[in-house]
1. Across segment 101-109, in residue order, what do the Karplus-derived ³J(HN,Hα) couplings come to in whole Hz, using 6.51 cos²θ - 1.76 cosθ + 1.60 with θ = phi - 60° and x for Gly and Pro?
2. Using the alpha-carbon centroid of each, what span in Å lies between segment 82-117 and segment 224-248?
3. Mean shadow of segment 106-258, computed from the convex hull of its alpha carbons, in nm²?
4. Give the angle, between 0 and 90 degrees and rounded to the nearest 10, that separates the Cα long axis of helix 162-182 from the longest principal axis of the Cα atoms of the chain.
5. Taking amide H atoms as placed 1.01 Å from N in the peptide plane, list the residues 5 or more away in sequence, or in a different chain, whose amide H sits under 5 Å from that of TYR249.
6. Can you pull the Kirkwood radius for the chain, inverse mean 1/r over Cα pairs, to one decimal in Å?
7. Using a simple spin-label model with points 7 Å from Cα along the Cα→Cβ vector, what separation in nm is obtained for GLU55 and ALA137?
8. Output needed: percent of Cα pairs per 10 Å distance bin for segment 1-110, bins running from 0 to the one holding the longest distance.
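Just so you know, all these numbers are worked out from the coordinates, no wet-lab data involved. Please read all numbers here as calculations on a predicted model, not as lab measurements. Glycine gets a Cβ as well: all are built from the backbone with ideal geometry, and neighbour counts include every protein chain shown.
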Amino acid sequence: MSPEHAFPEDRTVVVTGAGSSRGIGRATVRRLAAAGWHVAALDIDETAVAEFAREVDKESLTTVIGYGVDIVDPASVDRAFTAIERELPPVVGLAHGAGVASPVPFLDVTLDEWNRVLDINSTGTFLVNQRAIRGMAARGVGRVVNLSSSSAQQGGGTYSKVPYSASKASVIGFSRAVAREVSKFGVTVNVVAPGPIDTDIMGGALTEERKAEMVDGLLVDRVGSPNDIAATIEFLLSEDAGFITAAVYNVNGGLVVN
């Protein structure tokens with residue numbers, strides 16, 4: 001890595017969607033704090049994410065702070081990042097996982113439901129990425145990981161249906177296009193596409209019966225855990241991953257093979 005693209009010793013990663021107690025965001029925050037990152041944990045539930053961040057901060061050698069944000073509101077996104085830039089070391093990483101599910105069958109989807117899902121999963125991705133990457137580009141170094149889904153690649157077939165699949169497919173095209181434009185600034189942009197993971201976005205905690213049904217379509221003998229995804233995110237955010245960009249990592253137990 002050239003000197004102008006070297007990682008600063010003190011650096012911050014922003015992790016969105018860190019409010020859910022059983023989510024990928026929280027597992028990611030814990031892993032990255034343990035790996036030496038200062039962490040800004042973001043969620044629309046400010047109370048939940050602030051309480052969680054204080055808990056991790058007490059256990060960590062680095063600083064972990066929780067911030068409330070509405071990712072579809074540009075002013076809210078800007079306020080959060082302005083506070084992060086004021087209170088923490090330079091933002092070098094972004095793990096963007098905030099999103100919503102949509103199990104509504106296609107013929108029952110209303111325009112309001114379509115707009116709700118696309119606003120959060122697609123427009124929210126645009127707003128958060130653009131605000132984070134501005135600073136990374138100015139500093140000459142950055143790592144971005146956006147979360148898509150196996151649902152985007154196989155056309156649903158999971159808990160969520162058409163609006164979710166469409167929005168998560170947009171994350172892949174978006175990330176590849178952004179990667180082309182920002183590579184010259186030392187910024188990489190990659191995608192992690194989880195398969196069935198035992199989180200609440202699957203409609204609540206998975207019963208043993210639902211787990212067995214999901215495993216039947218996999219090449220491994222279990223559904224995934226949030227930590228399976230967090231481990232991949234940690235690698236893609238690392239200094240060692242500097243030769244990887246515009247890639248989609250399928251972390252899905254073999255549900256999608258391509």
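1. 8, 7, x, 6, x, 3, 5, 9, 6
2. Value for the Cα centre distance between the two parts: 19 Å.
3. For segment 106-258, averaging the hull's shadow over all directions gives 9.7 nm².
4. The answer is roughly 30 degrees.
5. VAL191, VAL192, ALA193
6. Roughly 18.2 Å, rounded to one decimal.
7. Distance between the two pseudo-spin positions: 3.8 nm.
8. Over segment 1-110, the share of Cα pairs per 10 Å bin runs 15, 44, 26, 11, 4, 0 percent.
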